[in-house]
Amino acid sequence: MKISVVGCGYLGAVHAACMAELGHDVLGIDVDETKVAALSAGRAPFYEPGFEELLTRVLGTGRLRFTTAPGDDLADVDLHFIAVGTPQSGTGAADLSYVDAAITTLLAGAAPGSVVVGKSTVPVGTATQLADRLAERDIALVWNPEFLREGFAVADTLHPDRIVYGVPADPTDAQEAQAALDAVYRDLLEEGIPRIVTDYPTAELVKTAANSFLATKISFINAMAHLCDTAGADVTVLADAIGHDPRIGRRFLQAGVGFGGGCLPKDIRALQASADLHGAVHLADLLGRVDSINREQRDRIVELARTHVGGDLSGRAITILGAAFKPLSDDVRDSPALDVASRLADLGAEVTVCDPQALPVVARSHPHLTLEDDPRAALKGAELVLLLTEWDQFVALDPAEAATGVAERVIIDGRNALDPVAWREAGWTYAGVGR
């Protein structure tokens, strides 16, 4: 099929390359000339394992190209994906200006009878409004939410755990729209990947509901960690014990500094805004508390750091291991690690941040921090070390070797990723979260 992808950021670029990998002819469209030039040359504008190799491979087949000016090319396209960003606005709701701009572009150039597929995360009720606009030119709309995990985006696109279609209410329109998307995902459906066909509102809610549920699990275990600290219990063992219950599961029960990134915080706030709008007050209250518990975890880590240097952070040499919000990513949006690093620097500490991928991004946004990509060099002279992003190279540090360069053997494990016994036996003062 001939496909366009409007918006070539993290979601759109990966989706475009994966659709070309599935054998479709794909046109990626973005207004950012620098981004389009990089993608056209096979250079990923962000770090995502496996993506640049995939991009180079599919560009070589001739099935993928990128442009800032699609012109008449849109008229030859069968199906158009909208993959633009929906950043959080000042009210907490999603900013739909990029979605509106994408629809305007497609209304001007897409052929009647083609299909538009929304992948961007939008508030419930958006799809119906967009479908009415597109219907004026006999263009159908399907809502097909994405569930990408940073660090696993290529695999999550080519081998998702489910595919959701939000289709029009009219049975004939729904059948035609479903058939078009079935043709795009034929190889995936033949693998037996579950396909869920539903209405627009349900499809719009799936992504934010899933992320809000995961965020709730994280905030729950962090709230339990606070109780464990005061009661003398170990939250890691507690999580293991309750995680064996198949109704609960162990994943996302890792206590620590909390969640961040461009999805979970934004999605819980967007769903909270939708809940407020629709009068679902209990859901809005729940999500507000999930958000506040998450933010309070950062406060706790800062106070823990203050305690371990005797109360005054001024002039203290502190090393932060991690800047990205999670491993296998250079994304520092709403990163707990970077937030804590900035707060400590604001309180007078001399902060060195170490991260294997995110430092170029940090250098642009936080020039007041000292950056070091070598963990051993970053540890030299440190009076306090905080592990805040659980990259493998940090978790695998030998505590005896790490001790040779520091000024004080004190470490705060903000991800509960280290072996406390091994670090204490090497002479370190070890502090975890809820341990």
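The values are calculated or read from the model by the stated rules, or taken from the named source; none is laboratory data. In this text the structure is predicted, and so the values were computed from the model without any measurement. Cβ placement follows ideal geometry from the backbone for every residue including glycine, while neighbour counts extend to all protein chains displayed. Side chains included, ligands, DNA and RNA excluded: accessible areas come from the protein's heavy atoms. Shrake-Rupley method; radii C 1.70, N 1.55, O 1.52, S 1.80 Å.
What tally of residues in the stretch 370-406 results from selecting those that are outside any helix (DSSP H, G or I), of a type outside the set (F, W, Y) and open to solvent by 10 Å² or more (accessible area, probe 1.4 Å)?
Of the residues in the stretch 370-406, the ones outside any helix (DSSP H, G or I) are 370-374, 380-391, 396-398, 404-406.
After this cut, where a residue has to be of a type outside the set (F, W, Y) as well, the list is 370-374, 380-390, 396-398, 404-406.
Pick out the ones that are also open to solvent by 10 Å² or more (accessible area, probe 1.4 Å) and you get 370-374, 380-381, 383, 390, 396-398, 404-406.
Number satisfying all stated conditions: 15.
I want to confirm something. Restricting to the stretch 140-173 and keeping residues that are of a type outside the set (A, V, I, L, M, F, W, C), open to solvent by 70 Å² or more (accessible area, probe 1.4 Å) and under 24 Å from S329 (Cα atoms), which single residue is nearest to the chain's Cα centre (by Cα)?
Among them, the one singled out is R149.
Among the residues of the stretch 20-38, is there at least one that is open to solvent by less than 50 Å² (accessible area, probe 1.4 Å) and in contact with a Phe, Trp or Tyr (Cβ under 6 Å, 6 or more places away or on another chain)?
Yes, the stretch 20-38 has at least one match.
Restricting attention to helices (runs of 4 or more DSSP H) lying wholly within the stretch 272-369, give those where 3 or more residues are surrounded by fewer than 17 Cβ atoms within 10 Å (Cβ to Cβ). Quick ask: steps written out before the conclusion?
Working: elements: 281-308, 336-346, 359-365.
Helices (runs of 4 or more DSSP H) meeting the threshold: 281-308, 359-365.
Looking at A69, is it over 22 Å from L189 (Cα atoms), outside any helix (DSSP H, G or I) and over 21 Å from the mean Cα position of the chain (by Cα)?
Details: over 22 Å from L189 (Cα atoms): yes; outside any helix (DSSP H, G or I): yes; over 21 Å from the mean Cα position of the chain (by Cα): yes.
When the stated conditions are applied, A69 passes them.
For the stretch 14-35, does any single residue satisfy the condition of being closer than 22 Å to E204 by Cβ and either in contact with a Pro (Cβ under 8 Å, 6 or more places away or on another chain) or not hydrophobic (A, V, I, L, M, F, W, C) (or both)?
yes
When the residues of the stretch 72-104 are narrowed to those that are part of a helix (DSSP H, G or I) and within 17 Å of Q129 (Cβ to Cβ), which ends up most open to solvent (accessible area, probe 1.4 Å)?
So in the stretch 72-104, the residues part of a helix (DSSP H, G or I) come out as 72-76, 97-104.
Now restrict to residues that are within 17 Å of Q129 (Cβ to Cβ): 97-104.
On the way: S97: 59, Y98: 124, V99: 1, D100: 66, A101: 53, A102: 4, I103: 0, T104: 78 Å².
Checking each candidate, the answer is Y98.
Is it the case that V206 is in contact with a Pro (Cβ under 6 Å, 6 or more places away or on another chain) and hydrophobic (A, V, I, L, M, F, W, C)?
Values: in contact with a Pro (Cβ under 6 Å, 6 or more places away or on another chain): yes; hydrophobic (A, V, I, L, M, F, W, C): yes.
Considered against the rule, which asks whether it is in contact with a Pro (Cβ under 6 Å, 6 or more places away or on another chain) and hydrophobic (A, V, I, L, M, F, W, C), V206 comes out as yes.
Which numbered condition trips up G434, out of (1) in contact with a helix residue (DSSP H, G or I) (Cβ under 9 Å, 6 or more places away or on another chain); (2) free of Cβ contacts under 8 Å to residues at least 60 places away in the same chain?
Of (1) in contact with a helix residue (DSSP H, G or I) (Cβ under 9 Å, 6 or more places away or on another chain); (2) free of Cβ contacts under 8 Å to residues at least 60 places away in the same chain, only one is false for G434: (2).
Pull out all pairs, ordered by first then second residue, where Cβ-Cβ is under 7 Å, the residues are six or more apart or on different chains, the first lies in the stretch 180-195 and is more than 15 Å from S4 (Cα to Cα) and at pLDDT 95 or above, and the second is surrounded by 14 or more Cβ atoms within 10 Å (Cβ to Cβ) and charged (D, E, K, R).
These pairs meet every condition: L189/D182; L189/R195.
Name the single residue that is modelled with the lowest pLDDT among those in the stretch 364-397 being out of contact with any strand residue (DSSP E or B) (no Cβ under 6 Å at 6 or more places or on another chain) and among the small types (G, A, S).
Only one residue fits best here, namely S365.
Return the total of residues in the stretch 105-137 being part of a loop (DSSP other than H, G, I, E, B) and of a type in the set (D, E, K, R). Quick ask: steps written out before the conclusion?
If we filter the stretch 105-137 for residues that are part of a loop (DSSP other than H, G, I, E, B), which is where we start, we get 110-114, 119-125, 136-137.
Filter once more, so that each one left must be of a type in the set (D, E, K, R): 119, 136-137.
Residues meeting the conditions: 3.
One line per residue, one yes/no per condition, for (1) open to solvent by 50 Å² or more (accessible area, probe 1.4 Å); (2) assigned to a helix (DSSP H, G or I):
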| site | (1), (2) |
| --- | --- |
| L189 | no, yes |
| E204 | no, yes |
| A215 | no, yes |
| S219 | no, yes |
| T230 | yes, yes |
| V237 | yes, yes |
| G256 | no, no |
| F259 | no, no |
| K266 | no, yes |
